[in-house]
Amino acid sequence: QETLQRIVSTLVNKNDEIHNFIDMLNHTISNVQVNSSNAISELDEEFDGLYSVLHEMKGSMANTIQQEEARKIQALQDQLSQCSRALESSEELLELAVQSLDIKNPAKLLEAARQIKDSVTVASAFRLSLKPKVSDSMTHMMVDFALEKRMLQAVKFLPVPKAPEIDVAACLVADNCITVSWRMPEEDSRIDHFVLEYRKTNFDGLPRLKGEQHWELIDYIKATQYTLSGLKFDTKYVNLRVQACNKAVAGEYSDPVTLETKAFVFSLDSTSSHLNLKVEDTYVEWDPTGGKGQEKIKGKENKNRSNTASPKRATNSPRASARGSRDRFAGESYTVLGDTAVESGQHYWEVRAQKDCKSYSVGVTYRNPGKFDQLGKTNSSWCIHINNWLQTTLSAKHNNKAKTLDIPVPDRIGVYCDFDGGQLSFYNANSKALLHTFRTKFTQPLLPGFMIWCGGLTVSTGLQVPSAVKTLQKSENGLSGSTSSLNNVA
């Protein structure tokens, strides 16, 4: 009975599958009929449009022939009228001359002959051109549509466009933008637009099937070049591919290419921050009650459970376990660090301060600073400090020395770090104007550091070094005596 039940169940499932397949086939037949009808309707529209163009052309060309006919007939009729008037005048003169032959008086005959001679001299009949002003030929209005007929006879359904070819040499990665250029293997006048797809990846070479992000699509590109702007390069590479589309169908994608997108990406490490700072990913905010609240909680816990760690000091996050040995900053060191160190290369990130920020610092520090250390007050940290109290001041700090910078404070600060070249520069992120440069030999990995008192800071990472900054760096490196007294040369 169990075996029979399994057989019955299997048959029921198979019957359901066949029913579903029959429904799908019927639905497909219906779709074929509908799509075929739509294709015929579109074909009718195309031919109606072609007929309309031909009819319009025929009317225009026939009108031109008729105008030429009217012009020629009018010219011939004008000439005919002139000839008729000249003939009438000539016949009258002839009749007068014949009558003069009958005059017997020699004197009168001589006078009549002289008058007839004068009349003949000015007679219009002798000034007429006895050649038609226009020809009767209309052969210059003939047409030959043999070539067009062959073209029409060659009309077929739209072909599938060929795959474009991405010109890697012409592609450019700069200023958080990617400019992609491509070309068609052969000219195709029927291409209507292109489609560009891209996705971020950490793998070099051809795209992989597993573990990849989905493709982002940019549609209806008319040119053979496109610039992807405002990108955040939070991966090492970007895959790109392009397809060409005509009015009806899209072709195959081009062979995908992979472009390298070098960038430095980090988040703010909440396990390294002062208790008075509220940290979330790339944002830090001053919290004047945070420290007091945590101290009260900590005091109660120490009183009730002296052997139990504070919940504010314990966390199960991977980042916390990696930084578990680092003490939070305390005292007046309202500091938070980045969670990723700079160990080589050239990197760039930006910081935007809220308008109500009273005091903040932006810079870098070696790992494991003291819990009471402040940026720029040790020989292992460098920073730009902004004070927005009674008047706004901007200064560069290192090794407990400060240099006042007599320049406007920007609302966004760009930080450029050339670890191998021993250079740390700060810029107006909007205008890319240089604020200050430190030069030294970095002997340890560097962590981005931020101090804030009142207000908040937003950090933008995954940025490429802007081309304007690169240009300024080359210019600055070419100048002698550009180091300041704060620069620590190891």
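Looking only at residues in the stretch 185-210 that are hydroxyl-bearing (Ser, Thr, Tyr) and within 20 Å of Leu228 (Cα to Cα), which one is modelled with the lowest pLDDT? Talk me through it step by step, then tell me what you get.
Residues of the stretch 185-210 that are hydroxyl-bearing (Ser, Thr, Tyr), as a first pass: 189, 198, 201.
Within this subset, residues satisfying the condition of being within 20 Å of Leu228 (Cα to Cα) are 198, 201.
Values: Tyr198: 94, Thr201: 87.
For the stretch 185-210, the residue satisfying everything is Thr201.
Could you tell me which residue of the stretch 409-421 is farthest from Trp349 (Cα to Cα), considering only residues that are among the charged types (D, E, K, R) and open to solvent by 30 Å² or more (accessible area, probe 1.4 Å)? Going through the qualifying residues, I end up with Asp420.
Here are some residues: Leu446, Leu424, Leu390, Leu434. Which one is assigned by the TED database to the domain that holds Trp349, surrounded by 15 or more Cβ atoms within 10 Å (Cβ to Cβ) and at pLDDT below 95? Just a single option satisfies the conditions, and that option is Leu434. Looking across the stretch 215-269, the residues that are touching a Gly at 6+ places or on another chain (Cβ under 8 Å) and either without any contact (Cβ under 8 Å) to a residue 60 or more places away in the chain or part of a loop (DSSP other than H, G, I, E, B) (or both) come down to Lys232, Phe233, Asp234, Thr258, Lys262, Ala263, Val265, Phe266, Ser267. Cβ separations smaller than 8 Å between residues 6+ apart or across chains give the following pairs from the stretch 190-204 residues that are part of a loop (DSSP other than H, G, I, E, B) to residues that are open to solvent by less than 30 Å² (accessible area, probe 1.4 Å) and modelled with pLDDT of 90 or more: Arg190/Pro161; Arg190/Asn246; Ile191/Pro161; Ile191/Ala244; Ile191/Cys245; Ile191/Asn246; Asp192/Cys245; Asp192/Asn246. Looking at the stretch 173-183 only, could you name the residues that are open to solvent by 20 Å² or more (accessible area, probe 1.4 Å) and either under 14 Å from Leu240 (Cα atoms) or assigned to a strand (DSSP E or B) (or both)? Listed by number, the residues that qualify are Val173, Ala174, Cys177, Thr179, Arg183. When each of Ala125, Ala170 is tested for being open to solvent by less than 60 Å² (accessible area, probe 1.4 Å) and either assigned by the TED database to the domain that holds Arg85 or of a type in the set (Phe, Trp, Tyr) (or both), the lone residue that passes is Ala125. The residue of the stretch 213-253 that is farthest from Asp188 (Cα to Cα), among those that are over 15 Å from the mean Cα position of the chain (by Cα) and of a type in the set (A, V, I, L, M), is Val238. Just one of the numbered conditions (1) out of contact with any helix residue (DSSP H, G or I) (no Cβ under 9 Å at 6 or more places or on another chain); (2) exposed (fewer than 12 other Cβ atoms within 10 Å of the Cβ); (3) outside any helix (DSSP H, G or I) is not true of Asp118; which one? Unmet condition: (3).
So in the stretch 71-86, with the set limited to residues that are in contact with a Lys or Arg (Cβ under 9 Å, 6 or more places away or on another chain) and open to solvent by less than 60 Å² (accessible area, probe 1.4 Å), which one is modelled with the lowest pLDDT? Before you say what the answer is, go through the steps one by one.
To start, the set of residues in the stretch 71-86 that are in contact with a Lys or Arg (Cβ under 9 Å, 6 or more places away or on another chain) comprises 72, 75-76, 78-79, 86.
Next, from what is left, pick out any that are open to solvent by less than 60 Å² (accessible area, probe 1.4 Å): 72, 75, 79, 86.
Working: Lys72: 94, Ala75: 93, Gln79: 91, Ala86: 88.
Out of the qualifying residues, it is Ala86.
Looking at the structure I just gave you, is Asn31 modelled with pLDDT under 95, open to solvent by 90 Å² or more (accessible area, probe 1.4 Å) and within 30 Å of Lys156 (Cβ to Cβ)? Criteria not met by Asn31.
Do we find a residue being in a helix (DSSP H, G or I), among the hydroxyl-bearing types (Ser, Thr, Tyr) and either open to solvent by 70 Å² or more (accessible area, probe 1.4 Å) or at pLDDT 90 or above (or both) anywhere in the stretch 63-70? Yes, because at least one residue in the stretch 63-70 is in a helix (DSSP H, G or I), among the hydroxyl-bearing types (Ser, Thr, Tyr) and either open to solvent by 70 Å² or more (accessible area, probe 1.4 Å) or at pLDDT 90 or above (or both). Looking for something more than 30 Å from Leu158 (Cα to Cα), surrounded by 11 or more Cβ atoms within 10 Å (Cβ to Cβ), in the same structural domain as Phe145 (by the TED database) and free of Cβ contacts under 8 Å to residues at least 12 places away in the same chain - is there at least one such residue anywhere in the stretch 39-60? Scanning the stretch 39-60, I find no residue that is more than 30 Å from Leu158 (Cα to Cα), surrounded by 11 or more Cβ atoms within 10 Å (Cβ to Cβ), in the same structural domain as Phe145 (by the TED database) and free of Cβ contacts under 8 Å to residues at least 12 places away in the same chain, so the answer is no. On the given criteria, is Leu424 under 19 Å from Thr378 (Cβ atoms), in contact with a Cys (Cβ under 6 Å, 6 or more places away or on another chain), touching a residue at least 24 places away in the same chain (Cβ under 8 Å) and part of a strand (DSSP E or B)? So Leu424 passes the test.
The values are calculated or read from the model by the stated rules, or taken from the named source; none is laboratory data. Only a predicted model underlies this, so the values are computations on that prediction, with no experimental measurement involved. Using ideal geometry, Cβ is built from the backbone for each residue, glycine included, and neighbour counts are taken over all protein chains shown. What goes into the accessible areas is simple: the full protein's heavy atoms, side chains included, and nothing from ligands, DNA or RNA. Shrake-Rupley method; radii C 1.70, N 1.55, O 1.52, S 1.80 Å.
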